[in-house]
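Here the structure comes first, spelled out in structure tokens, and everything after it is commentary.
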Amino acid sequence: MARRDQELFHGLIRMHVLLHAAREPIFGLAMKHELAHHGYRIGPGTLYPLLHGLERAGLLKPVSDGEGGRARRFYRITPRGRKALLAARAKVDELHHELHEAHLRRIVRTR
Ligand SMILES: [Zn+2]
């Protein structure tokens, strides 16, 4: 993914993160592999700030992996994160619809 295109995908990548964090506790490297599976190649310099940003926004929270002492930081989705994910899903569904519409509604009146 070209760097200049990343901005366009940022919201989609965040949705992937929230979706997986709703399923199970996630950590950076596992998420990096999952995103690569979806065709997003993002480095740690992008991913970790993104995870911290979602944490600061209250959408993810760090959880202990129960093994203690390891450097690996796991995250789970928060209730607010679930609400945000549901709202974003509705928007993506709508966008998906419009992307595949045969006759896109005109929004500019021409003479
Ligand atoms: Zn995924």
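On a 0 to 90° scale, report how tilted helix 44-56 is relative to the longest principal axis of the chain, with both axes built from alpha carbons and the result rounded to the nearest 10.
90 degrees
For the residue pair E94 and E34, what label-to-label distance in nm results when each label sits 7 Å from Cα along the Cα-to-beta-carbon direction?
2.6 nm
Would you mind checking the tilt of helix 79-99 against the longest principal axis of the Cα atoms of the chain, expressed as 0 to 90 degrees and rounded to 10?
Relative to the chain, helix 79-99 is tipped by roughly 30 degrees.
Between helix 6-23 and the chain, what is the angle of the helix's C-alpha long axis to the longest principal axis, kept within 0 to 90° and rounded to the nearest 10?
In the chain, helix 6-23 runs at an angle near 50 degrees to the longest axis.
Here, each number is a calculation from the coordinates, and none is a lab measurement. What you see is a predicted model; the values in this text were computed from it and never measured. With ideal geometry, Cβ positions are generated from the backbone for all residues, glycine too; neighbour counts draw on all protein chains shown.
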